[in-house]
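Scroll down for the structure; my scribbles are underneath it.
Readers should treat all values here as calculations from the given coordinates under stated rules, not as data from a laboratory. Given the structure is predicted, the values throughout are model-derived calculations rather than measurements. Ideal geometry is used to build each Cβ from the backbone, glycine not excepted, and the neighbour counts take in all protein chains shown.
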Amino acid sequence: MIKIKDNKKYVIIILTLIVVIAAFKIVGSYLKRKSFEKISAATVSYLSVTSNRRKNIDEAARLNNGSYTNTCVYFVSGALRAAGLDVPKSVGNTTQLTKFLQKEGYRKYYDLDKLQPGDICFAAPSGNVNETPDHTYIFMKWADSSHKDAYICDNQLNEYGSCYHTRNITYKTVRNGKSKSQAIYFMRSK
């Protein structure tokens with residue numbers, strides 16, 4: 001039979017363990033947040049170098065069986081990998097990328113005025129937030145104070161002449177006879 005004194009020792013030990021575990025969770029959460037912030041900054045830094053963008057688009061095409069079309073997810077995933085987020089190379093569409101990012105602690109945000117460098121944007125033809133996105137890209141910075149257009153990085157080298165270019169964010173438009181979807185949400189770590 002356990003004595004009452006022994007029960008108190010067990011209670012103290014258990015309470016101490018609970019406090020220690022809670023402290024580790026708090027510190028872990030803080031470190032994870034700092035890690036995500038570093039990934040966003042590292043993504044922007046990586047994509048700010050022309051040769052990195054070229055290497056990234058070439059790798060995206062390689063993963064897409066040599067084709068440079070429909071490689072936006074491969075392009076974004078490659079930039080995130082270069083920045084330290086271990087996105088599986090098998091992630092090849094916007095649904096898979098969104099699910100992976102959510103699993104890693106990212107969440108969707110819908111207020112496009114709050115975009116920050118390194119955020120991962122998703123666009124859809126109708127502009128409806130419930131539609132499956134048909135394009136993804138990395139937000140770099142606003143083009144001006146109107147917050148309608150931004151500098152972004154994506155796979156559309158052939159269409160824009162560079163992977164780093166301005167793009168419509170809050171409205172649909174047509175460029176070179178092709179419809180350009182508007183952003184419906186962006187993802188950032190919590």
TODO: State the answer as a single residue: which of Q102, V129, V76 lies farthest towards the positive end of the charge dipole of segment 31-159, with beta carbon charges of +1 for Lys and Arg and -1 for Asp and Glu, about the Cα centre.
DONE: Q102
Open item on the list: Students often get this wrong, so check it: of K55/K148; K89/K141; K114/K148; K55/K172; K89/K180, which have C-alpha atoms separated by over 24 Å?
Closed with: K55/K148; K89/K141; K55/K172; K89/K180
